[in-house]
Amino acid sequence: MFFIDTSRNGKPVYNAIVNQSLDNYLVNDLKLPGHGLIMYINNPSVIVGVHQNAYAEVNFPYLKEKKIQLVRRTSGGGAVYHDFGNLVFENIVIDNDDHFGEYDYFAQPIVDALHDMGAKDVEMRGRNDIVVDDKKFSGMTMFKVGHSYAAGGTLMFDLDMDTASKVLTPEQDKLESKGVKSVNKRITNIKEYLDEPFKSMNADQFKEELLKRIFHADSLEDIETYKLTDEDWKIIDSRLEGKYDTDAWNYGENPGFTHYVSKHFDIGTVAFNFNLENNQITDINIYGDFITGGDIHLIEKALTGADFNEDGLTKALESVDLAANLGKIDAKPLVDLLLSK
C-alpha cells in the first residue's frame, strides 16, 4: 500500500466538491497500479449518496443559512455531515477486486491504529460501521469500475454534532430500525476515547499520527507517496466543470411524484417515489442509502407500466436481477413496501 498526497501547491485542499471527485479520477483516469490510500478533510458540507434524494435527507433552510456545501458522491451510502473536525479516508485499488465488498478488510488498519492511540474498544459492526462504546464514528462505502474500486469512509474526530443534527433530516424509519429516537444518540467523536497527546490535537495533527500508524512509519517522509501533479489537477478541474460542480449533479431533481414510500432493510433504506394512472405505475424513481455496483434504472424501467397490484409488481421486479442491481433482497418485501402507500 502507498499514500496518495492530494495537497495542491503544498497546501491541503478542503473544498468538499473537489475532494469528493478525487476517487472518481483516481479509479477511472489515473489508475495507479496497486493499492493507494488518500486521506483528507472537508470544509463544512453535507455529502449525500449517489442514489439519495437530497430533498428528503437535508434541512435546506439551515444548509443555506450556515453556508454549508451540498455534495453528491459517486458511491452509495447515506447522508453525512463533514467539517474541519472530520477525516475522510479512501482506499484506491486498481485491477484487483479480490476484497471488494469486504468492509472489515479496509477498516482493520484504522481500527488497529486507533487501538494503538488508546481507543481500545473500537470495533467494526454491522454492514459498514466502525463503532466505540456502541456509538458510530465512522461509516464506509464503496464503488466499483470494472476490476478497480474505491473503498473508504468518514472518521469523526471532533465533528460539530449540533450542526450535524440540525442539517441532516434522516427518515424516522431508519432511526427506528436501530432502536433509537435521535441522531445524536447514535454517533460520537473518537477524540474523547484517545490517549494524550492525541485527544488534544486538531484534526490535521491527528491525521498525520493516524497515517504514520497505518503505514507503520516513524514520519510521513518514510511513507511511499504519489503526489498529484499539475497535470493531474488540470484533468480534475476539467471534470469538475462538466459534472461535479453543477447543481444538477449535487442537488439532483426532486420529481415530486405523488406517492412516496420508504423502509429500512438489511441492505439499507429503499424508497420509491412514483405516480399512478389507471392503477399502473407511470413514473418511478428509486432512492436510498443502499450500496450497489449495478444499475437501479433497470428496476425503474421494469416497474414503469406495471399493474399496481401484487401480481403485477412481483412480475416486474422478478424480471430484473435485484441482487445485482439493488442488493440481496427478494421481490416480496419491495412489493409490500410499494403497496403500503
| query | From the list LYS243, LYS328, LYS263, which one is of a type in the set (Lys, Arg), under 29 Å from VAL80 (Cβ atoms), under 20 Å from the mean Cα position of the chain (by Cα) and part of a helix (DSSP H, G or I)? | reply | LYS243
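Give LEU298, LEU276 a once-over and let me know the one that is part of a strand (DSSP E or B), of a type in the set (A, V, I, L, M, F, W, C) and either under 22 Å from ARG72 (Cβ atoms) or not assigned by TED's automatic domain parsing to the domain that holds ARG73 (or both).
Details: LEU298 fails: part of a strand (DSSP E or B).
Sole residue among the options that is part of a strand (DSSP E or B), of a type in the set (A, V, I, L, M, F, W, C) and either under 22 Å from ARG72 (Cβ atoms) or not assigned by TED's automatic domain parsing to the domain that holds ARG73 (or both): LEU276.
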| So which residues in segment 93-116 are in contact with a Lys or Arg (Cβ under 7 Å, 6 or more places away or on another chain) and either assigned by TED's automatic domain parsing to the domain that holds GLY268 or under 13 Å from LEU210 (Cβ atoms) (or both), if there are any at all? | ALA113, ASP116
| query | Is at least one residue of segment 252-270 among the basic types (Lys, Arg), in the same structural domain as ILE92 (by TED's automatic domain parsing) and either touching a strand residue (DSSP E or B) at 6+ places or on another chain (Cβ under 8 Å) or within 17 Å of GLU300 (Cβ to Cβ) (or both)? | reply | no
| query | Any residue at all in segment 20-42 that is under 23 Å from LEU159 (Cα atoms), among the basic types (Lys, Arg) and in contact (Cβ under 8 Å) with a residue 24 or more places away in the chain? | reply | no
| query | Would it be correct to say that ASP283 is over 28 Å from GLY139 (Cα atoms) and either in a helix (DSSP H, G or I) or outside the structural domain of SER148 (by TED's automatic domain parsing) (or both)? | reply | yes
| task | Please find, among ASP222, ASP162, ASP158, ASP173, the residue that is modelled with pLDDT of 95 or more and either surrounded by fewer than 18 Cβ atoms within 10 Å (Cβ to Cβ) or not assigned by TED's automatic domain parsing to the domain that holds ALA16 (or both). | result | ASP222
| field | Exclusive hit being in contact with a strand residue (DSSP E or B) (Cβ under 6 Å, 6 or more places away or on another chain) and assigned by TED's automatic domain parsing to the domain that holds ARG213, set ASN86, ASN15 | value | ASN86
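The values are calculated or read from the model by the stated rules, or taken from the named source; none is laboratory data. In this text the structure is predicted, and so the values were computed from the model without any measurement. A quick note on method: Cβ atoms are made from the backbone with ideal geometry, for glycine too, and the neighbour counts reach across all protein chains shown.
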